[in-house]
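Contents: one structure, followed by commentary.
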Amino acid sequence: MRLDGAHVLVAGATGVLGTAVCTALHGRGARLAVAGRNPHRLAGVTGALTPDGGGPPPSRAFDAYDLSGCGALPSWAAAELGGLDAVLALPGVAGFGAAAETEDAVAEHLFTVNALCPLAVLRAALPLLGRGGAIGAVSGVLVERAQPSMADYGAAKAALSHWLTAVRTEERRRGVQVLDARLPHLDTGFAGRAVAGTPPALPAGVPAEAAADAVVDALADGAGVLGPGPGGGFATRPR
């Protein structure tokens, strides 16, 4: 899709990756509406995206547990921007530990933030998008290979990836792109902010800016799946 002038909602804009994606989209000329959990950080994001002599992009705080509020974000963004071309749902939280030791409340949190919230945002976006529109979310490379000590976290991300795969087929006739960004471990401090458990040994993380550029490139190229490529880079598959 053409990003210059595109109307794009980024939900989860206050995370490290979400902020980097907003910066990359802004640099490509996209008109953004941004939403995030932390109002203070949200103000910082909008301030960084405010053009000289212009006003800040529309912003809205939301709670991942308020699924109705999550689902209201696309219509709000469309009204603020005068239309909607793409929606990226980027909220996420990590959790670690053996499955037998994971509390139900932790599992509920992981599934709500990593699956139910982004699905509510993207589901509500679909009726608002026309041919050439796009939705996307970040699942993770672990959806292709289950990892110990990440059973519930991985299952939540796999649920998101499965939904994106099914919807990609459903929306192909309408010409709506569905992007599943199966990113590797990122150097964002994400694992260190886990809702539970201690992360296992992880490989060196990819810088958030590099991952954000790859996500935005994949969106522009109409890709269906983005994942690690040869030589430590990224590779895409057609939608």
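The values are calculated or read from the model by the stated rules, or taken from the named source; none is laboratory data. Since the structure is predicted, the reported quantities are computational estimates derived from the model, not experimental observations. No Cβ is skipped: glycine too gets one built from the backbone with ideal geometry, and neighbour counts run over all protein chains shown.
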A careful count of residues in the stretch 198-220 that are touching a helix residue (DSSP H, G or I) at 6+ places or on another chain (Cβ under 8 Å) and either modelled with pLDDT under 85 or assigned to a loop (DSSP other than H, G, I, E, B) (or both) gives 2
Output for Cβ contacts, cut-off 8 Å, separation at least six or different chains, first residue within 22 Å of Asn114 (Cβ to Cβ) and crowded, with 18+ Cβ neighbours inside 10 Å in the stretch 164-175, second modelled with pLDDT of 95 or more and of a type in the set (Ser, Thr, Tyr), reads Leu164/Ser139
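For the stretch 28-131, which helices (runs of 4 or more DSSP H) that fit wholly inside it have 2 or more residues that are modelled with pLDDT under 95?
Those helices (runs of 4 or more DSSP H) span 39-49.
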Of Pro118, Pro91, Pro184, the only residue that is in contact with a Gly (Cβ under 6 Å, 6 or more places away or on another chain), of a type outside the set (S, T, N, Q), under 19 Å from Val16 (Cα atoms) and in contact (Cβ under 8 Å) with a residue 24 or more places away in the chain is Pro91
By residue number, the members of the stretch 1-27 that are surrounded by 24 or more Cβ atoms within 10 Å (Cβ to Cβ), free of Cβ contacts under 8 Å to residues at least 60 places away in the same chain and assigned to a loop (DSSP other than H, G, I, E, B) are Thr14
- Is one or more of the residues making up the stretch 148-157 touching a Phe, Trp or Tyr at 6+ places or on another chain (Cβ under 6 Å) and at positive phi? yes
